[in-house]
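Just so it is clear, none of the values below were taken in a lab; they were calculated from the coordinates. Bear in mind the structure is a predicted one, so any value in this text is a computation, not a measurement. As a convention, Cβ positions derive from the backbone with ideal geometry for all residues, glycine included, and neighbour counts pool all protein chains shown.
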Amino acid sequence: MSAAHASMPAPRLHGGELAYDALRLGFFPWQRERRLAKERERVNIARFSSRVLAAGTFHSLALRREGGIACWGRNDEDQAPPDGIDGDFVAVAAGVKHSLALRGDGRFASWGRNNHGQAPPDGVDGDFVAIAAGGEHSLSLRSNGGIACWGYNNHGQAPPAGVDGDFIAIAAGYLHSLALRRDGGVTCWGYNGSGQAPPDGADGDFVAIAAGDLHSLALRRDGGVTCWGFNAFGQAPPDGVDGDFVAIAGGGSANG
């Protein structure tokens with residue numbers, strides 16, 4: 001070390017500087033790690049909750065611990081058989097009058113109304129990781145990030161060729177569909193009469209999505225909820241909803 005460097009006096013830190021330095025070295029990293037842990041927890045809860053419970057227009061589904069499914073509610077088209085469904089399932093989804101269940105091996109089973117091919121009795125084989133049921137259409141997320149679609153497609157909500165992309169979650173409304181991109185934005189397609197499926201999608205740092213009949217929701221990483229679409233009853237306030245939320249769901253109307 002040179003004499004010049006050796007003769008330099010040590011910097012003098014005042015009380016405020018010392019306090020800030022202590023925070024920088026100790027509290028700030030801990031606070032950041034705590035925030036990141038909370039965000040990871042939010043992502044995990046949001047994705048888990050969307051898989052184990054599902055509500056159709058007049059029926060409900062619940063995934064049992066052993067992999068079977070309990071069903072209750074309206075059953076006029078066998079969408080909610082009272083004895084439930086046995087199997088090795090890992091996720092459920094409910095449409096207006098049809099039901100879906102994802103098997104552990106990537107295939108999905110379907111039952112209920114099938115007037116537009118939304119619930120083929122033999123199910124669908126594939127390497128799927130998530131499912132969503134709309135009014136009369138169905139979506140499945142492939143392991144490669146693309147989306148397969150079945151059922152009613154009068155507004156482009158279920159294109160037979162599917163939707164390519166790098167998606168990590170899906171949601172289906174009555175006549176529209178949503179997909180969460182890996183970059184945190186949302187891609188939308190289908191009916192947009194109330195602004196529920198803007199063609200340009202929605203940019204943001206989202207971790208989960210949900211679709212009602214005519215509105216859409218997205219859970220932000222900070223715990224707040226962004227909303228768009230039909231808001232006649234305050235179900236989709238344009239300014240969103242602030243809070244420390246970990247899961248979201250979109251309701252529908254009694255149109256079944």
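Cα convex hull, segment 33-229: 114 Å³ per residue, rounded to a whole number. Here the convex hull built on the C-alpha positions of segment 85-133 has a volume of 68 cubic angstrom per residue. Taking other Cβ atoms within 10 Å as a rough exposure proxy, 129, 92 sort from fewest to most as 129, 92.
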